Amino acid sequence: MSEKKTNYHYPKYSDIPDIKGDGSENIRYNNPDFPLFCRRNFFPGKIIFTGMTMHWHSDVEFVFIKKGSTFYQLDDCIIKLKEGEGIFVNARQFHVITAGDEDCELDCVIFQPMLLCSSKHIEKSLSIP
């Protein structure tokens, strides 16, 4: 029998975000020459995120729950995200993901807002908070 392979990323100590004193996170893009980070994560239920704290970044973030559930905190608002649900977090918004009651498989995409912009006018009027 062959071992079943998955595309999951299991968080480990080296995945702890690089968060500065002002709460800003330095995003480690998949390719340093292109401002995009994407990964599928698997979090066991009730895991303790020891290195994860409220943070913000100049990027926008999209999280989609493939299976299970988790909690996502935006400022003082805690939202339970369930299978099939997602959240879009604007740039410079304080947020953190926290453990759910069950295992969770999610897709996370983080990218610079300029990737959505076709002009400086659109960037200034619609994508920069």
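For this structure, a couple of remarks:
- Summing Lys and Arg as +1 and Asp and Glu as -1 over all other residues whose Cβ lies under 10 Å from the Cβ of D107 gives a net charge of +2.
- Extension gain from R28 to A91, taking 0.36 nm per residue of separation minus the Cα-Cα distance: 21.1 nm
All of the numbers you see were taken from the coordinates with simple rules; none came from a lab. All of these numbers come straight from a predicted model, not from anything done at the bench. For neighbour counting, all protein chains shown are included, and Cβ atoms are generated from backbone atoms with ideal geometry for every residue, glycine included.
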